[in-house]
Amino acid sequence: MIAILMLALPLVFSGCGKVGDEDPFLSFRSRKARLCGNWTVTHFTSEILKKENNISTNIVTTVEGDSWKQVITIPSSDSTRTLSGKIAKDAGQEEGAYTFTFDKNGNAKMVYKYEFDEDQSSEDDDQSTILRTEVSEEMIGKWEFVGGIDNDYKNKERISFIIESQKTTTKEWEIISSDDEGGATLPHLLSSSTISDSYANGEMSIIYQIVELRNKEIKLHQDINTFHLRSNNSSAEAYQTIGFENITMEPRK
């Protein structure tokens, strides 16, 4: 009886053991069961080197809870620009709107909403002028585990987010406040633009390495090396991005 039980144990726990570097040694839930659900991004770090028209720009973005920050540096000119903001919240939600959803049927969705302010005021002005930028990104598609590759990756150590549609909306507001006591705040919409793309199945995907997969926490890593080209009848935009992203998520409340 003991021998039969010992032979059965590897079958019971197959696929439930340690795969990612920070995975639990043993889990009674499958990797799919641990991944599926609604997740809120609690920590995010990316460092991207963007090369465009012989100019390199280094962009470091961090998210800590609801805090959002981006530092943009042009190494050739020693120019640095720091943007500070926050993750936006949808009405009635306590957590910020930076989320991933993976369901058992293979559907996936990512929502990323953030905003930041830049002070446009002059020392001679008797009022303050703030430029507020609001960005909303959404990706919808499918997900699946990726098989192992020799000694580089284990089976199900990576996940593919196969994007079927992607939409980014950017709004810029001018917010003017009088320095007088009780002065009114006057927000004015300066611009609003939306870029929407649709892709054939398998045409566009993101591969994440699963560093840690637990019931209460997921850590993902992505290496980035892409070439972008967007053109229309009157202009064209082409640039390369090289870098990485690290994402930590917890179950959405």
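The residue that is surrounded by the most Cβ atoms within 10 Å (Cβ to Cβ), among those in region 81-122 that are assigned to a strand (DSSP E or B) and among the charged types (D, E, K, R), is K113.
Set side by side, the residues E47, E22 differ, and just one is in a loop (DSSP other than H, G, I, E, B) and either at pLDDT below 90 or surrounded by 12 or more Cβ atoms within 10 Å (Cβ to Cβ) (or both), which is E22.
Reported count of residues in region 116-154, each being aliphatic (A, V, I, L, M) and touching a Lys or Arg at 6+ places or on another chain (Cβ under 6 Å), is 2. Only one of the numbered conditions (1) surrounded by 14 or more Cβ atoms within 10 Å (Cβ to Cβ); (2) more than 27 Å from V60 (Cβ to Cβ) is violated by Y239, and that is (2). I'd like to know if region 35-48 contains one or more residues that are among the hydroxyl-bearing types (S, T, Y), touching a residue at least 60 places away in the same chain (Cβ under 8 Å) and closer than 20 Å to I162 by Cβ. No, region 35-48 has no match at all.
Does F116 count as modelled with pLDDT of 95 or more and touching a Leu at 6+ places or on another chain (Cβ under 7 Å)?
yes
Within region 37-79, if we keep just the residues that are touching a Leu at 6+ places or on another chain (Cβ under 8 Å) and polar (S, T, N, Q), the residue that is farthest from R214 (Cα to Cα) turns out to be S56. Here is the figure for region 107-150: residues that are among the β-branched types (V, I, T) and either more than 20 Å from I72 (Cα to Cα) or without any contact (Cβ under 8 Å) to a residue 24 or more places away in the chain (or both) total 5. Every condition in (1) exposed (fewer than 15 other Cβ atoms within 10 Å of the Cβ); (2) touching a residue at least 12 places away in the same chain (Cβ under 8 Å); (3) among the aliphatic types (A, V, I, L, M) holds for L186 except the one numbered (2).
Yes or no, residue by residue, for (1) surrounded by 14 or more Cβ atoms within 10 Å (Cβ to Cβ); (2) touching a Ser or Thr at 6+ places or on another chain (Cβ under 6 Å); (3) part of a loop (DSSP other than H, G, I, E, B):
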| residue | (1), (2), (3) |
| --- | --- |
| N155 | no, no, yes |
| E172 | yes, yes, no |
| S193 | no, yes, no |
| A200 | no, no, yes |
| Y208 | yes, no, no |
| V211 | yes, no, no |
| D223 | no, no, no |
| H228 | no, no, no |
| S234 | no, no, yes |
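The values are calculated or read from the model by the stated rules, or taken from the named source; none is laboratory data. Source: prediction; values computed, not measured. For neighbour counting, all protein chains shown are included, and Cβ atoms are generated from backbone atoms with ideal geometry for every residue, glycine included.
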